[in-house]
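Written below as structure tokens is the structure these notes are about.
Laboratory data are not the source of any read-out in this text; all were calculated from the coordinates shown. All of these numbers come straight from a predicted model, not from anything done at the bench. Every residue, glycine as well, gets a Cβ built from its backbone with ideal geometry; the counts of neighbours run over all protein chains shown.
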Amino acid sequence: MFSGSIPALVTPFRDGTIDEEGFRRLIDFQIENGSTALVACGTTGEASTLSNAEHHRVIELCVEQAAGRVPVIAGCGSNDTQNALLHMSFSRKAGAAAGLCVAPYYNRPSQTGLIAHFSHLAENSDLPIVLYNVPGRTVTDIEPDTVCELAKRYPEKIVAIKDASGDLSRVTDHRMGIGRDFCQLSGDDELALPANAAGAVGCISVTANVAPKLCCDFQQACADNDLVRARELNDKLYPLHYAMFEDASPAPVKYALSRVHDWLSDEVRLPIVACSDAAREAVDDALVHAGLV
């Protein structure tokens, strides 16, 4: 259903509010440079600091500006099942193609609880679901058996997974347990090359905010089985992948965007603060290495 380079978009702020003009320009920049879909209100979009009204406005803006040129995956995750369902209902009406649903954080549900949570969403919304597994943030791991159970139980609803577990064996676990056609997307830029080699078909990317063309070219090289070209592009992007996390995300990527585009601010919301001087230096060096400045 999805493939290629899919940026997990930042939510631009200016003077404490959503910078709607900057967000629209960022969306156009992404589409013009080959991004195959867009994620709004994911982790990089600072969804955890948005009010529900702001959250829905960002999704609405993204769908409106994309205007059918690429599909929009709306961040719909919550540690409250009913609030996740609220986001899914709004996103479906707004025209999103799918909802990105993270494992409930802080609550630490069991695998049985995860199945119940995602089953409730699948049974009460028409919006397709992209599972989002990022145990480093949620402390809850959607284990392979759970992913396979959900995908088999709801084949028309559970359509993909963004896996940011860092465990590359998961790609094969899912292929063996579900089938080769199940859409697997890397959630870690630096692991996208081996993940694609194992059977993933793309990446929901932080780096693509700043380097969409390079990330798209890299994904295309992987799809073409051009390993030499894929390695070359991966080497070019690799320092940038790590620089994006030299400080609490998304501060580094917002700083990088402000360096590349003078129409975007590096403003973040508390409890995230502007990235450190050391992180800025790492970002600057990586931007030079990638040929972006």
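Buried (at least 16 other Cβ atoms within 10 Å of the Cβ), more than 18 Å from the chain's Cα centre (by Cα) and more than 30 Å from Glu143 (Cβ to Cβ), is that true of Ala94?
Considered against the rule, which asks whether it is buried (at least 16 other Cβ atoms within 10 Å of the Cβ), more than 18 Å from the chain's Cα centre (by Cα) and more than 30 Å from Glu143 (Cβ to Cβ), Ala94 comes out as yes.
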Quiz item: Since Pro239 meets every condition but one in (1) under 20 Å from the mean Cα position of the chain (by Cα); (2) assigned to a loop (DSSP other than H, G, I, E, B), which condition does it not meet?
Solution: (2)
Quiz prompt | Among (1) in contact with a Ser or Thr (Cβ under 6 Å, 6 or more places away or on another chain); (2) more than 20 Å from Arg175 (Cβ to Cβ), the one test that Asn133 misses | solution = (2)
Exercise. Search the range 32-53 for residues being polar (S, T, N, Q) and in contact (Cβ under 8 Å) with a residue 60 or more places away in the chain, and hand back the single one that is farthest from Lys254 (Cα to Cα).
Key: Thr36
Quiz item: Take the residues of the range 178-204 that are β-branched (Val, Ile, Thr) and in contact with a strand residue (DSSP E or B) (Cβ under 7 Å, 6 or more places away or on another chain): which is surrounded by the most Cβ atoms within 10 Å (Cβ to Cβ)?
Solution: Ile204
Exercise. Pick out the one residue from Leu193, Leu292 that is on the phi < 0 side of the Ramachandran plot, part of a helix (DSSP H, G or I) and not aromatic (Phe, Trp, Tyr).
Key: Leu193
Quiz item: Looking at the range 264-278, is at least one residue within 20 Å of Ser35 (Cβ to Cβ) and surrounded by 21 or more Cβ atoms within 10 Å (Cβ to Cβ)?
Solution: yes
Quiz item: Among all residue pairs at least 6 apart or on different chains, which show Cβ distances below 8 Å where the first residue, located in the range 116-131, is aromatic (Phe, Trp, Tyr) and the second is part of a strand (DSSP E or B)?
Solution: Phe118/Cys101; Phe118/Ile129; Phe118/Leu131; Phe118/Ile158
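Based on this model, can you work out whether Gly22 counts as touching a residue at least 40 places away in the same chain (Cβ under 8 Å), over 22 Å from Gly77 (Cα atoms) and buried (at least 19 other Cβ atoms within 10 Å of the Cβ)?
When the stated conditions are applied, Gly22 passes them.
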Practice problem: Keeping to the range 229-285, report how many residues are over 23 Å from Ala197 (Cα atoms) and among the basic types (Lys, Arg). | Solution: 4
Exercise. Answer yes or no as to whether Arg108 is basic (Lys, Arg) and either buried (at least 19 other Cβ atoms within 10 Å of the Cβ) or touching a residue at least 40 places away in the same chain (Cβ under 8 Å) (or both).
Key: no
Quiz item: Of all residues in the range 20-43, how many are farther than 13 Å from Gln65 by Cβ and of a type outside the set (Val, Ile, Thr)?
Solution: 5
Self-check item: Verdict on Ala282 being of a type in the set (A, V, I, L, M) and either under 30 Å from Arg14 (Cα atoms) or part of a helix (DSSP H, G or I) (or both)
Solution: yes
Quiz item: Can you tell me which residue in the range 252-293 is farthest from Glu21 (Cα to Cα), limited to those that are in contact (Cβ under 8 Å) with a residue 12 or more places away in the chain and among the hydroxyl-bearing types (Ser, Thr, Tyr)?
Solution: Ser276
